[in-house]
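Any read-out appearing in this document is the output of simple, stated calculations on the displayed coordinates, not a laboratory observation. Since this is a predicted model, take the numbers as computed values, not measurements. Neighbour counts are summed over all protein chains in view; Cβ atoms, including those assigned to glycine, are modelled from backbone coordinates with ideal geometry.
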Amino acid sequence: MTLLGDLVTAVRSGRIEVLDLTAPLVDSTPILLLPEPFGNTRPFRLEEISRYDDRGPAWYWNNISTGEHTGTHLDAPVHWVTGQGLADVSQIPARELVGAAAVLDFTAESAADPDFLLEVEHVKAWEAEHGQLPEQGWLLYRTGWDARSHDQEAFLNADEAGPHTPGISVECARWLAEEAPILGVGVETVGTDAGAAAGFDPPFPCHSFLLGAGKYGLTQLQNLALLPPTGAVLVTAPLPIVGGSGSPARVLALLER
Ligand code: MN
């Protein structure tokens, strides 16, 4: 047998399970809402071209319109001003789209405090139990926020003071960008940064430090609850939009049973 032959056999027999971490793309898929005077992204839309009718009697197809950052999507380094001149989404090496996943679960903390922030100490405590974060892999930050993804209002969780969603502290974002061996951070929320991160110094530290370091972001993931702390392999497939700052992505996890 070959390695790939073994892989296919294991997938077919179910010994390797393939989990979909992607949110379905529908009109109501939550999107980020920036305050005035900033521009905003389009929601996802399907526009029918024909459906077995006189516009096309034997075929059904649609046009889609979407922002690059709608639904489960990847942030490329060029998305942020600190990463300008770095890779756009079409320039990410394909090899880097397959990597090990470390899953850090802060569901209880995020339920108790929607503004919960991941700190370096939390990651170091996880590493003491499970080993180092994966080289060229992903830190997947589980917060339970995927349970809210059917509802824009619950997902963004905003009040007069702004959105309240869990995220990563300034110091931890800097540490993950500069010292951790990972390729990127994946989250269940609308963006990799906390809801309150517009007021941090620097603002949106996860975007600022990680993308500035040539690393990636993955957002609006689902089903992280089904993953073990270590052992899963992520296959991430953003569209190769030339010049694109990101792309909706299908994200699959391979898991040994
Ligand atoms: Mn994004």
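Some observations on this one:
- Gain on full stretching of the segment that runs from Glu17 to Ser65 - 0.36 nm per residue minus C-alpha separation: 14.1 nm
- Cα gyration tensor, region 142-248 - rounded (a/c under 1.5), prolate or oblate: rounded
- Leu33/Val81 FRET efficiency (R0 30 Å; Cβ-Cβ; nearest 0.05): 0.90
- Put a dot 7 Å past the Cα of Glu47, heading toward its Cβ, do the same for His150, and the two dots end up 3.0 nm apart.
- For region 3-256, DSSP calls about 70 percent of its internal beta bridges antiparallel.
- The distance separating the Cα centre of region 233-257 from that of region 1-75 comes to 11 Å.
- Label-point gap, in nm, between Ser90 and Ala10 - each point 7 angstrom along Cα→Cβ: 3.5 nm
- Sparse-neighbour loop sites [chymotrypsin sites (Phe, Trp or Tyr not before Pro); region 1-63; at most 10 other C-beta within 10 Å; DSSP]: Phe38
- Low-density loop cleavage sites - GluC sites (Glu not before Pro) in region 113-206, where at most 13 other Cβ are within 10 Å (DSSP): Glu135, Glu160, Glu179
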